[in-house]
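What follows is a short report on a single structure.
The values are calculated or read from the model by the stated rules, or taken from the named source; none is laboratory data. Computed from a prediction, not measured in an experiment: that's the story for all the values here. Backbone-built Cβ (ideal geometry, glycine too); neighbour counts: all protein chains shown. When the accessible area is computed, the model is the full protein with side chains, heavy atoms only, and any ligands, DNA or RNA have been set aside. Shrake-Rupley method; radii C 1.70, N 1.55, O 1.52, S 1.80 Å.
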Amino acid sequence: MPADPSSVVLPRYPVAIVGAGALGLTFAARLAATGPVALVARSEAQAERLRAGVPVGDAVFCPEAFGPERLPAADWVILLVKTYDTAAAARTALALRPRGVVSLQNGLVGEVLGEVCGGLPAGQGITTEGAFRDGAGVRPAGAGETLLPPGFEAVAARLAEAGIAARVEPQIVAARLAKLLMNVVINPLAAIFRVPNGAVLELPQRPLFDALLAEAWPVLRAEGLALDEAAARERVIAVARATGANRASMLQDVLAGRRTEIDAITGSLLAMAARRGVELPTHRAVFALVKVLEAAARA
Ligand SMILES: NC(=O)c1ccc[n+]([C@@H]2O[C@H](COP(=O)([O-])OP(=O)(O)OC[C@H]3O[C@@H](n4cnc5c(N)ncnc54)[C@H](OP(=O)(O)O)[C@@H]3O)[C@@H](O)[C@H]2O)c1
């Protein structure tokens, strides 16, 4: 008689990823080449489809995928869902009985993560790895760097073993704020004007680019950004140029009629500014405009 699948004891994985989207599948495929990794999908039906094979770049990847109803245990969990799904994904992460949960999402999710994870080590790193959905599969879009908060040395080592440039960054707050600066300046403009990243440096976008940068820098600097104003400006311009032909994820979301991550990106900046009693009128305006675009896509 075949064994009842629900009675099979699942192994304990060294690492699991919650979120089988563009980046989750890309990380899982890389990790799977050098060791076990559990991939947690939104549902058992999705997990089953993934187990049958999913294109990741030019190869077909057959992940050890699970739905939230029947989860294995894992030592460490990496969260790779969109920011508005963070709380639900973090609750799923806890069900894996991990030693710690680390997010590599954009925007700021530390507060939500802390609320859900309670006393468990939980933190947010950053990654400049890239990937996008491509039909039924995903396509990695160039290697980047992954920085993890202190306490997640084991995760950094496992990622590095899989050939992903990853390390623990002692100044993770500053690194996260530097990434947020890029995102608050480039992403909303790309989405509103429907232009590739490089065009945010050109007219008619440029005055808004300058205003967003000038408003954001003092707030982020006060929160721990380790760049003076000139260096911050240089960094954002360099990123917009280096990724000039790319479509920002916020633009891709708007074009696909999906919800964007504006709450965790511009929304986080606006919340920081509000706590400091500072008004950021240009950020408030682009926040409202992106919300209009989201609502129009839903209508
Ligand atoms: N893609 C990139 O190049 C890139 C680069 C740097 C950072 N990031 C950040 O990484 C995060 C993920 O981005 P992405 O592009 O990989 O997004 P994505 O392609 O939309 O993938 C997210 C996946 O998470 C799944 N999901 C949502 N809630 C879940 C839950 N509670 N449990 C299990 N799975 C759940 C989604 O399922 P459904 O499809 O059913 O909703 C989707 O498959 C974002 O914060 C993004 O900003 C992305």
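Overview of results
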read-out	value
Every residue from region 82-129 that is touching a Pro at 6+ places or on another chain (Cβ under 7 Å), under 26 Å from LEU181 (Cβ atoms) and open to solvent by 10 Å² or more (accessible area, probe 1.4 Å)	GLY123
Of residues in region 269-288 being touching a residue at least 12 places away in the same chain (Cβ under 8 Å) and more than 14 Å from ALA222 (Cβ to Cβ), the one most open to solvent (accessible area, probe 1.4 Å)	ARG284
Residue tally, condition farther than 15 Å from VAL286 by Cβ, open to solvent by 20 Å² or more (accessible area, probe 1.4 Å) and in contact with a helix residue (DSSP H, G or I) (Cβ under 6 Å, 6 or more places away or on another chain), over region 177-222	2
Selected residue (criterion: most open to solvent (accessible area, probe 1.4 Å)) from residues of region 23-41 that are more than 11 Å from the ligand (Cβ to nearest atom) and in contact with a Lys or Arg (Cβ under 9 Å, 6 or more places away or on another chain)	THR34
Test for ALA214: is it part of a helix (DSSP H, G or I), farther than 26 Å from THR26 by Cβ and not assigned by TED's automatic domain parsing to the domain that holds ASP58	yes
Breaking point among (1) within 22 Å of ARG176 (Cα to Cα); (2) in contact (Cβ under 8 Å) with a residue 24 or more places away in the chain; (3) of a type in the set (Gly, Ala, Ser), for ALA245	(1)
Condition check for ALA65: within 12 Å of the ligand (Cβ to nearest atom) and in a helix (DSSP H, G or I)	no
Where ALA47 falls short, out of the listed (1) small (Gly, Ala, Ser); (2) closer than 20 Å to PHE132 by Cα; (3) open to solvent by 10 Å² or more (accessible area, probe 1.4 Å)	(3)
